[in-house]
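The structure appears below as structure tokens.
The values are calculated or read from the model by the stated rules, or taken from the named source; none is laboratory data. As the structure is a prediction and not an experimental result, all values here were calculated from the model. Ideal geometry is used to build each Cβ from the backbone, glycine not excepted, and the neighbour counts take in all protein chains shown. Note: areas computed on protein heavy atoms with side chains; ligands, DNA, RNA excluded. Shrake-Rupley method; radii C 1.70, N 1.55, O 1.52, S 1.80 Å.
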Amino acid sequence: MTGPESMSTDFTPTSGEEPPSLYLHIPFCRSRCAYCSFNSYACQAPPAAYLAALAGQISHWAGKKWCRERRFASLFIGGGTPTIYKGSELAGLVGLCLKSFNFREDAEITVEANPNTVTVEALLALRRAGVNRLSLGVQAFSDRLLAGLGRSHTVAEAHAAIDAARRAGFANINLDLMYGLPGQSAADWRDTLASALAHKPGHLACYELTIEDGTPFARLVERGELSLPGEGEALAMVELTHDLLARAGLGRYEISNYAAPGRECRHNLNYWRNGGYLGLGAGAVSCLSGFRFGTVAEPEEFAGLVQKGELPLAEGECLPLAARFRESVVMGLRLLEGVSFARLQRQFGLTPVGYYGKMLEDLCRQGLVEISHDRLRLTRAGLPVANQVLARLV
Ligand code: SF4
């Protein structure tokens with residue numbers, strides 16, 4: 001690991017890389033959800049100084065050689081809750097990015113939003129600024145379950161937000177949903193999926209609740225006060241997901257993500273294919289040609305450093321080739337398409353068969369991964385235990 005004082009921010013591009021993506025982090029939410037482990041802070045009035053610091057970082061990085069020599073394929077403004085800022089403020093940020101960086105004409109430009117922070121007017125401002133994809137954190141179509149998660153919005157607000165997005169002209173909408181929630185039955189999950197599908201979204205992200213250390217949910221689990229669905233119920237929810245979404249024409253393309261043809265999230269595909277990315281904002285991470293570094297997580301410290309003309313960097317590391325190769329395999333296996341041997345060979349001069357040897361043979365023999373048509377991928381049996389399989393390949 002390298003300290004920020006010794007890091008340069010001019011990198012030499014590596015030839016043959018795919019177009020990178022740009023991420024901006026907005027670390028504020030109206031309140032904190034009981035399961036949240038993201039870099040987010042509860043606040044009612046998000047500080048203007050933070051947006052000014054982000055703008056400063058956009059200008060700084062746009063002038064760097066690595067950025068100047070690339071055409072970015074996507075921009076994703078995530079959080080936190082980006083739409084805690086006014087539509088005009090976010091639109092200004094998007095406009096600055098599009099003006100400062102070189103983007104492909106067909107770039108995917110996503111803003112994440114929570115249902116109780118959007119209006120048609122704000123969404124129209126985003127559309128006019130060039131935002132062409134909206135990702136709404138709906139999580140559940142049940143007020144009882146939303147309250148249990150500590151979400152700050154209701155089911156009625158979720159329906160209203162999706163309607164507002166359609167009225168503002170968003171054709172490309174993702175809904176984030178969660179299953180395996182305290183007090184949730186398979187029938188509840190079926191209702192949530194049915195309500196989501198009634199809006200005909202092009203993309204659904206269905207995440208299983210995970211209990212992260214340091215969260216209120218983790219403390220409840222420790223005290224034995226959180227009742228989660230049993231293994232059988234959770235499995236029934238997974239099967240329901242595949243079944244209902246396949247019938248609705250949403251294909252599973254990643255462990256937790258489903259899309260209509262052509263609506264796969266290009267920004268996230270770039271992460272899963274281990275492409276380059278620049279992350280700006282508190283706690284954001286970047287990976288430029290194998291050099292990975294993070295930004296200080298605390299928003300006030302981030303804004304203060306930028307204001308003083310200092311780089312708000314935390315720490316960085318230059319990843320050895322073998323580590324990048326393993327990462328590419330592990331990230332790529334999250335995709336149903338798997339990883340291409342030819343691509344790995346081209347990028348790293350290595351293939352999974354040569355690198356992992358007997359370990360890969362064992363996984364193949366156990367029926368958890370398969371090799372076919374120049375690709376390594378998880379099998380049907382491997383997908384439900386993906387985390388265990390991937391842990392062996394890290
Ligand atoms: S809305 Fe998202 S980022 Fe904000 S507290 Fe809830 S889970 Fe965390």
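Residues that are free of Cβ contacts under 8 Å to residues at least 40 places away in the same chain and assigned to a loop (DSSP other than H, G, I, E, B) within the range 22-56 comprise Q44, A45, P46, listed in sequence order.
The number of residues in the range 104-124 that are crowded, with 20+ Cβ neighbours inside 10 Å and either acidic (D, E) or without any contact (Cβ under 8 Å) to a residue 60 or more places away in the chain (or both) comes to 10. Pairs meeting the criteria (first residue in the range 170-186 and hydrophobic (A, V, I, L, M, F, W, C), second residue open to solvent by 30 Å² or more (accessible area, probe 1.4 Å) and in a strand (DSSP E or B), beta carbons under 9 Å, at least 6 apart or on different chains) are L177/Y207; M178/Y207; M178/E208. Against the conditions (1) in contact with a Ser or Thr (Cβ under 7 Å, 6 or more places away or on another chain); (2) within 21 Å of Q388 (Cα to Cα), L344 satisfies every one except (2).
Does L75 satisfy the condition of being out of contact with any Lys or Arg (no Cβ under 7 Å at 6 or more places or on another chain), touching a residue at least 60 places away in the same chain (Cβ under 8 Å) and part of a strand (DSSP E or B)? Yes; evaluated as a whole, the condition is true for this residue.
If you go through the range 278-303 and keep only what is closer than 17 Å to A323 by Cα, in contact (Cβ under 8 Å) with a residue 60 or more places away in the chain and surrounded by fewer than 22 Cβ atoms within 10 Å (Cβ to Cβ), you end up with S289, G290, F291.
Condition first: closer than 26 Å to C206 by Cβ and touching a Lys or Arg at 6+ places or on another chain (Cβ under 7 Å). Can you find one or more residues in the range 351-362 that meet it? So far as the range 351-362 goes, no, none of its residues is closer than 26 Å to C206 by Cβ and touching a Lys or Arg at 6+ places or on another chain (Cβ under 7 Å).
For the range 231-338, the strands (runs of 3 or more DSSP E) that sit wholly inside it and include 3 or more residues that are within 30 Å of D191 (Cα to Cα) and modelled with pLDDT of 95 or more are 251-254, 257-259. Considering the range 341-367, the residues that are of a type in the set (K, R) and under 19 Å from P320 (Cα atoms) include one that is most open to solvent (accessible area, probe 1.4 Å), namely R346.
Looking across the range 78-90, the residues that are away from the ligand (no atom under 13 Å from the Cβ) and either in contact with a Ser or Thr (Cβ under 7 Å, 6 or more places away or on another chain) or closer than 16 Å to A53 by Cα (or both) come down to Y85, E89, L90. E370 - would you say it is buried (at least 16 other Cβ atoms within 10 Å of the Cβ), outside the structural domain of E231 (by TED's automatic domain parsing) and at pLDDT 95 or above? Yes; evaluated as a whole, the condition is true for this residue. Scanning the range 110-117 turns up no residue that is within 16 Å of the ligand (Cβ to nearest atom) and under 25 Å from E310 (Cβ atoms). Restricting A147, A171, A158 to residues that are open to solvent by 30 Å² or more (accessible area, probe 1.4 Å), of a type outside the set (D, E) and within 16 Å of the ligand (Cβ to nearest atom) narrows the list to A147. Condition (residue is near the ligand (Cβ under 8 Å from one of its atoms), among the aromatic types (F, W, Y), open to solvent by 50 Å² or more (accessible area, probe 1.4 Å) and at pLDDT 95 or above) applied to the range 17-36: is it met by at least one residue? Within the range 17-36, not a single residue is near the ligand (Cβ under 8 Å from one of its atoms), among the aromatic types (F, W, Y), open to solvent by 50 Å² or more (accessible area, probe 1.4 Å) and at pLDDT 95 or above. Is it the case that the range 206-228 has a residue that's open to solvent by less than 30 Å² (accessible area, probe 1.4 Å), part of a helix (DSSP H, G or I), at pLDDT 95 or above and closer than 14 Å to L177 by Cα? No - not one qualifying residue is present in the range 206-228.
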